[in-house]
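Data first, discussion second: the structure below is written as structure tokens.
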Amino acid sequence: FILISLILAAGEIYRETHTFRVRKYKVKTKKNIGIQNCVKVIFLSDLHNCVYGNKNDKLYKAIQAEMPDMILIGGDMLVAKEGSSVQEALEFVKKLPHICQVYYTNGNHEQRMKENTDIYGDTYERYKAKLENCGVCFLENKAENIEKNGMKFSIYGLELDSSVNRKFKKADVTEKTVEEKIGKKGKDYSILMAHNPAYMDAYKKWGADLILSGHLHGGLVRCPGIGAVVTPQGFLFPKYSGEMRREGEQTIVVSRGLGSHTINIRLFNMPEVIAIEVCVR
């Protein structure tokens, strides 16, 4: 029985590290009263240079089929490792503006590459410049105010200090920390992309209507009825790890990510593209 269980688990791990699903959520808001339309948002996170099909054509077609109004990228599309290429991430992301407008917020891997020029040189700046030339908008502690289908949005990209991602240690991140980075929240429907969900309390107090995070890869292994087992920082059973939660008037979505690195394991934890419909109720 044990041997059979191990074989089945190994087969499932292989399957989950070689495919993905589109997970769909619907979010209703009281803002933009009088508007009857919905806006489709695709959220991508933690690809880590993973490739689905020839040059990620399977992933691209799945996103295209959703007919999104905007694509939001929550970081870690590449791997910041000496000798690692950014080409897979670059070739995939630069195609996305052919579908719709793309907004990109850095994860800890892009941030590490940007800050450690002694190791990575100008790799990050060249990566960013090539994507900007293709129409990708980078939000590095910045905001963009846009209007889609008559609905007004403020999209914020938060980049905290790299110390927040240290192993086995949690940094002191508060509402004030967030405000110092990106300013006060505007009056329109606000979407906050903040890569690491470990500081969700600070993001909520800042006041975003919709908070999008990733980073945890769903916790590698998920237990039915419990959720994620462990985070990349070594914390057990994180509260926010790969789900949608409605808390008061705020919505929290944490992606399980699309790829992995270092520990290439997923069990009961399918990689995912997040498709969110934001509608006025």
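The values are calculated or read from the model by the stated rules, or taken from the named source; none is laboratory data. This structure is a prediction, so every number in the text was calculated from the model and none was measured. Please note: Cβ atoms are built from the backbone with ideal geometry, for glycine as well, and neighbour counts cover all protein chains shown. In case anyone asks, the SASA skips ligands and DNA or RNA and just uses the protein heavy atoms, side chains included. Shrake-Rupley method; radii C 1.70, N 1.55, O 1.52, S 1.80 Å.
Scanning segment 81-107 for residues that are open to solvent by less than 10 Å² (accessible area, probe 1.4 Å) and assigned to a loop (DSSP other than H, G, I, E, B) gives 105, 106, 107. The set of residues in segment 225-271 that are within 26 Å of residue 79 (Cβ to Cβ) and among the charged types (D, E, K, R) comprises 243, 256, 266. Can you tell me which residue within segment 179-209, out of those that are aliphatic (A, V, I, L, M) and closer than 29 Å to residue 150 by Cβ, is most open to solvent (accessible area, probe 1.4 Å)? Taking the candidates together, the pick is 182. Could you list, in sequence order, the residues of segment 148-184 that are basic (Lys, Arg), at pLDDT below 95 and more than 30 Å from residue 230 (Cβ to Cβ)? Correct list: 148, 152. Out of curiosity, is residue 145 within 21 Å of the chain's Cα centre (by Cα), at pLDDT 95 or above, open to solvent by 70 Å² or more (accessible area, probe 1.4 Å) and of a type in the set (S, T, N, Q)? Considered against the rule, which asks whether it is within 21 Å of the chain's Cα centre (by Cα), at pLDDT 95 or above, open to solvent by 70 Å² or more (accessible area, probe 1.4 Å) and of a type in the set (S, T, N, Q), residue 145 comes out as yes. Across segment 190-224, the number of residues qualifying as closer than 19 Å to residue 79 by Cβ and part of a loop (DSSP other than H, G, I, E, B) comes to 6. Scanning segment 36-80 for residues that are out of contact with any Lys or Arg (no Cβ under 9 Å at 6 or more places or on another chain), of a type in the set (Gly, Ala, Ser) and open to solvent by less than 10 Å² (accessible area, probe 1.4 Å) turns up 74, 75. Applying the condition of being touching a strand residue (DSSP E or B) at 6+ places or on another chain (Cβ under 8 Å), among the hydrophobic types (A, V, I, L, M, F, W, C) and under 21 Å from residue 170 (Cα atoms) to segment 232-252 and asking which residue is least open to solvent (accessible area, probe 1.4 Å) yields 252. Could you tell me whether segment 8-21 includes any residue that is under 17 Å from the mean Cα position of the chain (by Cα) and open to solvent by 50 Å² or more (accessible area, probe 1.4 Å)? Yes, segment 8-21 has at least one match.
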